[in-house]
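**Student:** Right, I'll just put the structure down here and ask away after.
The values are calculated or read from the model by the stated rules, or taken from the named source; none is laboratory data. Quick caveat, the model's predicted, so the values are computed rather than measured. For neighbour counting, all protein chains shown are included, and Cβ atoms are generated from backbone atoms with ideal geometry for every residue, glycine included. Ligands, DNA and RNA are stripped out before the accessible areas are found, and what is left, the full protein with its side chains, is counted by its heavy atoms. Shrake-Rupley method; radii C 1.70, N 1.55, O 1.52, S 1.80 Å.
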Amino acid sequence: MTFDEISTNDWQAMDAAHHMAPFTDYGDLRPKGARIITHAEGHYIYDSDGNRILDGMAGLWCVNVGYGRPELVEAAAAQMTKLPYYNNFFRTSNQPVAELSAKLAGITPDGLNNVFYANSGSEANDTIIRMVRHYWALEGKPEKRVIISREFGYHGSTIMSASMGGMSGMHEQAANEPDFAHIRPPYGFLHQGNQDEAEFAANAASWLEDKIIEIGASNVAAFVAEPIQGAGGVIVPPAGYFKHIQEICRRHDILFVADEVITGFGRTGQWFASQTMELEPDMMALAKGLTSGYVPMSAVMVGDRVANKLVADGGEFYHGFTYSGHPVAAAVALANLELIEREDMITRVREDTGPYLAEALAPLAEHRIVGEIRTFGVLAAIELVKSKDGPEMFEHTGATGAICRDHAIDRGLMMRAVRDAMILSPALTYSRADIDETVRIAAQALDATADQLGL
Ligand code: PXG
């Protein structure tokens with residue numbers, strides 16, 4: 001029997017009976033079954049019922065070059081044939097990893113010249129936690145252990161990266177390790193009130209300083225932040241926020257770490273949001289767009305301050321994964337970066353499709369259940385509200401977002417709901433026509449949602 005001879009119902013039953021999918025309510029999913037995605041091409045995904053859906057999320061914020069790019073497939077096949085695997089543990093390395101490391105040192109901000117590889121953003125962040133604590137111990141300050149991050153921050157699903165993240169639901173499920181602290185995010189829609197942007201930027205940054213003083217700077221190792229909080233709802237900070245944050249980190253001698261797992265590799269109109277926002281992180285977490293999701297790979301960019309200390313005094317760093325620096329993943333990453341450059345995708349985001357996405361979405365701000373539209377490069381959020389007065393949010397956070405998402409998918413657009421914000425994070429290759437189609441369906445989904453709720 002071929003794949004196509006098995007019915008959707010049979011696939012769903014097979015899957016639901018045995019597959020414990022990530023971030024899934026099993027009691028809810030099992031009776032209904034999942035949508036079975038069979039293939040994808042360009043910016044469309046296809047399911048086993050023959051539906052064609054425009055992928056406004058680039059998979060899960062990761063398929064930056066779009067689906068079906070033969071360059072990446074050929075790079076993987078060639079590398080698998082030549083050297084499918086060898087480890088990097090005992091003074092061995094491989095050609096794609098050496099080349100990729102040099103390439104990443106070249107395109108990341110100045111001072112980030114060393115790379116540690118892992119397989120997921122979560123592992124990259126776990127690596128950062130260990131490396132940061134190890135660094136301070138080498139500096140003779142082992143009590144500098146606390147890592148401060150932000151509510152609604154998402155840094156991964158391992159116990160440590162979830163503890164570092166600011167998702168309270170995850171903390172409640174055995175991911176609330178000590179020595180992590182959280183501050184409020186610079187979420188203007190909720191917290192700005194009557195402050196102007198500069199005032200709000202300074203005020204939101206002061207929450208970090210308050211927390212450092214509360215804990216004592218001598219106990220704080222690092223502040224970790226996504227330049228734009230992705231899974232937290234595309235929270236775009238007010239201009240100047242990170243300038244204050246960096247000044248506070250420097251003054252208290254605390255490392256500043258940028259989690260660029262979503263914002264990296266072109267999404268904000270530069271290689272990295274750190275460049276778009278003029279940040280100078282001591283370390284950086286990368287994943288997703290590194291390989292456009294074709295194979296798993298993540299990386300930690302380590303700045304000179306930390307790297308030089310590890311080289312000078314560190315001894316052996318007892319940390320690594322079987323697949324750290326996997327040659328096939330590195331070959332795919334190199335082909336992916338080359339494609340981004342060859343097709344000038346980042347310039348296109350910065351000068352054409354990024355601004356066009358903002359312009360095309362702007363009219364939706366007038367919709368009766370829309371409180372705010374946020375965009376930055378090819379990232380966007382449509383914040384849904386019960387009433388524009390106030391604004392008044394929905395009582396059961398997340399329920400309306402889920403309704404709107406389902407209306408969008410039914411009409412052929414994959415959007416993600418975060419609480420009651422509708423999220424877009426398409427491929428860098430998304431065209432103006434794709435954006436027009438996205439906005440057209442999003443508008444219909446908003447109407448259908450408002451109608452269903454009687455608003
Ligand atoms: N940091 C950031 C900023 C992320 O967005 C991770 C780390 C963890 O990466 P891995 O590869 O371990 O998943 C992420 C991942 C969502 C969603 O609901 C977002 C992510 C993962 C799963 C779901 O939007 N981002």
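**Student:** Hey, what did the chain get for relative contact order, percent, Cα under 8 Å, at least 6 apart?
**Tutor:** Reported as a whole number, the value is 19 percent.
**Student:** Largest first, please: the extent of the C-alpha atoms of segment 83-165 along each principal axis, to the nearest Å.
**Tutor:** 41, 31, 28
**Student:** Compute the accessible area per residue over the chain, keeping the other protein chains in place, probe 1.4 Å, unit Å².
**Tutor:** Accessible area per residue, the chain: 43 Å².
**Student:** Dividing the alpha-carbon radius of gyration of segment 404-453 by 2.2 N^0.38 Å (N being the number of residues), what value is obtained?
**Tutor:** The reported ratio for this selection is 1.12.
**Student:** Take the solvent-accessible surface of the protein heavy atoms, probe 1.4 Å, and return the percent of it on segment 281-398 that carbon and sulfur atoms account for.
**Tutor:** 50 percent
**Student:** Here is a further query. Hey, what's the Kirkwood Rh for segment 61-129 if you take every pair of different alpha carbons, in angstrom?
**Tutor:** By the Kirkwood definition, the hydrodynamic radius is 14.5 Å.
**Student:** Where both partners of a DSSP beta bridge lie in segment 71-342, what percent of those bridges are antiparallel, to the nearest 5?
**Tutor:** The antiparallel fraction comes to roughly 45 percent.
**Student:** Using just the helices of the chain, give the 222 nm mean residue ellipticity in deg cm²/dmol: DSSP H runs with n ≥ 4 each add -39,500 (n - 2.57), and the total is spread over all residues, rounded to 500.
**Tutor:** The helix-only estimate for the chain comes to -12000 deg cm²/dmol at 222 nm.
**Student:** Could you compute Rg(Cα) / (2.2 N^0.38 Å) for segment 1-106, with N its residue count?
**Tutor:** 1.47
**Student:** Counting only the heavy atoms of the protein chains, how much of R251 is accessible to a 1.4 Å probe, in Å² to the nearest 10?
**Tutor:** Answer for R251: close to 130 Å² accessible.
**Student:** Further question: Convex hull volume of the Cα atoms in the chain, per residue, in Å³?
**Tutor:** Measuring per residue, one finds 154 Å³ for the Cα hull of the chain.
**Student:** Using 7 Å Cα-to-Cβ label points, what is the K309/E247 separation (nm, one decimal)?
**Tutor:** The two pseudo-label positions are separated by 2.5 nm.
**Student:** Follow-up question, since we're still on this one. For segment 144-274, which whole percent of the accessible surface, found with a 1.4 angstrom probe, sits on carbon and sulfur atoms?
**Tutor:** Ligands and nucleic acids excluded, carbon and sulfur reach 49 percent.
**Student:** Using amide H atoms built 1.01 Å from N in the peptide plane, name the residues 5+ places from G42, or on other chains, whose amide H lies under 5 Å from its own.
**Tutor:** Hits under the 5 Å cutoff: Y67, G68.
**Student:** Taking 8 Å as the Cα distance limit and 6 or more residues as the minimum spacing, I'd like the relative contact order of segment 137-189 as a percentage.
**Tutor:** Worked out over segment 137-189, it gives 37 percent.
**Student:** Something else: Evaluated at 4 °C with a viscosity of 1.567 mPa s, what Stokes-Einstein diffusion coefficient in µm²/s does segment 149-281 have when Rh comes from the Kirkwood expression over alpha-carbon pairs?
**Tutor:** 86 µm²/s
**Student:** Efficiency by 1/(1 + (r/R0)^6): what FRET value for E395 and R368, r their Cβ-Cβ distance, R0 = 25 Å, to the nearest 0.05?
**Tutor:** Calculated value: 0.90.
**Student:** Next question, about the same structure. Could you work out the Rg to Rh ratio of segment 134-218, with Rh taken as the Kirkwood radius (inverse of the mean 1/r over all Cα pairs)?
**Tutor:** Ratio of gyration radius to Kirkwood radius: 1.04.
**Student:** Computed over the Cα atoms of segment 182-250, what is the ratio Rg over Rh, Rh following Kirkwood?
**Tutor:** Taking Rg over the Kirkwood Rh, I get 0.96.
**Student:** Indicate, rounded to the nearest 5 percent, the antiparallel portion of the DSSP beta bridges found entirely in the chain.
**Tutor:** If we restrict to bridges inside the chain, about 65 percent are antiparallel.
**Student:** For the chain, list the DSSP H helices whose alpha carbon atoms reach 20 Å or more along the long axis and whose average Kyte-Doolittle value is -0.5 or above?
**Tutor:** Taking the DSSP H segments of the chain (at least 20 Å long, mean hydropathy at least -0.5), we get 121-138, 197-215, 327-342, 432-452.
**Student:** Mind jotting down a quarter of the surface of the convex hull over the alpha carbons of segment 302-421, in square nanometres, one decimal?
**Tutor:** 13.3 nm²
**Student:** Please find the FRET efficiency linking D406 to F23, where r is the Cβ-Cβ separation and R0 is fixed at 25 Å, and quote it to the nearest 0.05.
**Tutor:** After rounding to 0.05, the efficiency reads 0.90.
**Student:** What is the spin-label model distance, in nm, from L83 to E280 if the labels are put 7 Å beyond Cα along the C-beta direction?
**Tutor:** Those two pseudo-labels are separated by 3.7 nm.
**Student:** Looking at segment 380-455, which GluC sites (Glu not before Pro) are in a loop (DSSP not H, G, I, E or B) and have at most 10 other Cβ atoms within 10 Å?
**Tutor:** Taking segment 380-455 and a limit of 10 other Cβ atoms within 10 Å, the loop GluC sites (Glu not before Pro) found are E395.
**Student:** Expressed as a fraction of 2.2 N^0.38 Å, the rule-of-thumb size for a compact globular protein of N residues, what is the C-alpha radius of gyration of segment 71-342?
**Tutor:** So the Cα radius of gyration is 1.00 times the expected 2.2 N^0.38 Å.
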